[in-house]
Amino acid sequence: MYLVGIIPGPREPALDEINHFLRPVVDFFLPSWKDGIWFTKTINHTAGRLSRSVIAVAVNDLPAARKLAGRAGPTANQMCGLCWLLKSDIADFDWEKWRRRTLGEHKAAAEEWKNAETKVERDKIFKQHGVRWSELLRLPYWDPTRFIMINGMHNLFLGLVQHHFRGLIVIDKQASKELRKGQQRHVDLKDLQKGRDTLICTLPLLSDNEINAIQERLGNVQRPSWHRGPPKNLGDAEHGKLKAEQWKSSIEFDLPAALMQLWGSEHTANGSNDDRKSQWQKLVHSTMLLAIAIRWGTSHVTSPHHAQQYTRYMKAYLECVKGIFPHHSWHPNHHATLHIREFLLRYGPMHGWWMFPFERIIGALQKTNTNYKIGERAIHKNTKRRV
């Protein structure tokens, strides 16, 4: 992997400021596409060969992808860069009826924004189309509706899986206590129906004893030395922030198995009322649907059947959650996950284009000592000696 450069801090570029950093990259790739580079001799072409270079794929988290494409952010009403679904309709999971954005529409809106003479005009165009000008559009082959991918590492593991276990099932002792306090508050008669739905949506909440039981089961799991599972004290504040790799392990085996042991028929049959038992079973079912969908989507091989099965189970998961939590506040990740199907068909197995390798490089760079001076790098030698 070749690291070309790093955008200097102390903060990331805002809105269209990214174009100042994209411009030299585009200036480099334009001639490499138009004119190409002639190699006088290669191992397979002794008489020489013309080679052209392109930017074919961009892999980012959701906010960075929006800036790179010149699109509105994921929290805007024009939340999606691949279809025209508005944020007000974010709970519509009937993906086959979504109207796809086209390259022509994107380019026309970007050109209109670029040619606008005042900021007021630009804001109006942006509000209508959710698109700004991006320097990448100078590349004649660039298609942001196909080349900017939805990264599975952020979308699935740091997005859906983390939200499922922390926001829906609430494997968090402190948050669970706060929610239980909220359930005991008086509900105004005017808001009775809404309050009733809210109370139903926040049940069942895990008790400390149930979270302790999950922790015990996690502690009993035997795994290979190279495998990094969730922390054994999951649910306590002391474990800190989980890595994507740990959320990946959580959904692949650890937490579905723990929840089945905790909320299986033997557990719910003893001393549980019917409503709570039903809610437990629905949450376990939704967890299994999510696990199956991710299993299909992250397979080391892919095919139209894999993509179809992934989408089928992911949609079933989202509809299941909608049934359990009618007033759930959906995130852009929930919508974006149903677009992953087209990237599986276009680019193959997710292992070839998710961000785990890049995040490891970022982690290594973050640990590198610098002198905080642009253009200079401080090299520190370890001078410790054994006595």
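Being surrounded by 17 or more Cβ atoms within 10 Å (Cβ to Cβ) and under 21 Å from residue 307 (Cβ atoms): is that true of residue 68 here? Walk me through it before giving the result.
Details: surrounded by 17 or more Cβ atoms within 10 Å (Cβ to Cβ): yes; under 21 Å from residue 307 (Cβ atoms): no.
It is false that residue 68 is surrounded by 17 or more Cβ atoms within 10 Å (Cβ to Cβ) and under 21 Å from residue 307 (Cβ atoms).
Residue pairs whose Cβ atoms lie under 8 Å apart, sitting 6 or more positions apart in sequence or on different chains, and linking a residue in segment 6-23 that is under 14 Å from residue 66 (Cβ atoms) to a partner that is open to solvent by 70 Å² or more (accessible area, probe 1.4 Å) and not charged (D, E, K, R), are 13/7; 13/20; 13/21.
Please tell me if residue 47 is within 22 Å of residue 147 (Cβ to Cβ) and not β-branched (Val, Ile, Thr). Full working, then the answer.
Details: within 22 Å of residue 147 (Cβ to Cβ): no; not β-branched (Val, Ile, Thr): yes.
It is false that residue 47 is within 22 Å of residue 147 (Cβ to Cβ) and not β-branched (Val, Ile, Thr).
State which residue is farthest from residue 298 (Cα to Cα) when the search covers only segment 164-174 and only residues that are open to solvent by 30 Å² or more (accessible area, probe 1.4 Å) and either in contact with a Phe, Trp or Tyr (Cβ under 8 Å, 6 or more places away or on another chain) or not in a loop (DSSP other than H, G, I, E, B) (or both). Checking each candidate, the answer is 174.
Among the candidates 149, 153, which residue alone is touching a helix residue (DSSP H, G or I) at 6+ places or on another chain (Cβ under 7 Å), open to solvent by less than 20 Å² (accessible area, probe 1.4 Å) and not in a helix (DSSP H, G or I)? Outline the logic, then answer.
Values: 153 fails: not in a helix (DSSP H, G or I).
None of the others qualify; the one that does is 149.
Residues are listed down the side, and each one gets a yes or a no for (1) touching a strand residue (DSSP E or B) at 6+ places or on another chain (Cβ under 9 Å); (2) open to solvent by 70 Å² or more (accessible area, probe 1.4 Å); (3) aliphatic (A, V, I, L, M); (4) free of Cβ contacts under 8 Å to residues at least 24 places away in the same chain:
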position: 76; (1), (2), (3), (4): no, no, yes, no
position: 97; (1), (2), (3), (4): no, yes, no, yes
position: 102; (1), (2), (3), (4): no, no, no, no
position: 110; (1), (2), (3), (4): yes, no, yes, no
position: 129; (1), (2), (3), (4): no, no, no, no
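The values are calculated or read from the model by the stated rules, or taken from the named source; none is laboratory data. Being a predicted model, the structure only gives us computed values, none of them experimental. Cβ atoms come from the backbone with ideal geometry, glycine included; neighbour counts cover every protein chain shown. Calculation scope for accessible area: heavy atoms of the full protein, side chains included, ligands and nucleic acids excluded. Shrake-Rupley method; radii C 1.70, N 1.55, O 1.52, S 1.80 Å.
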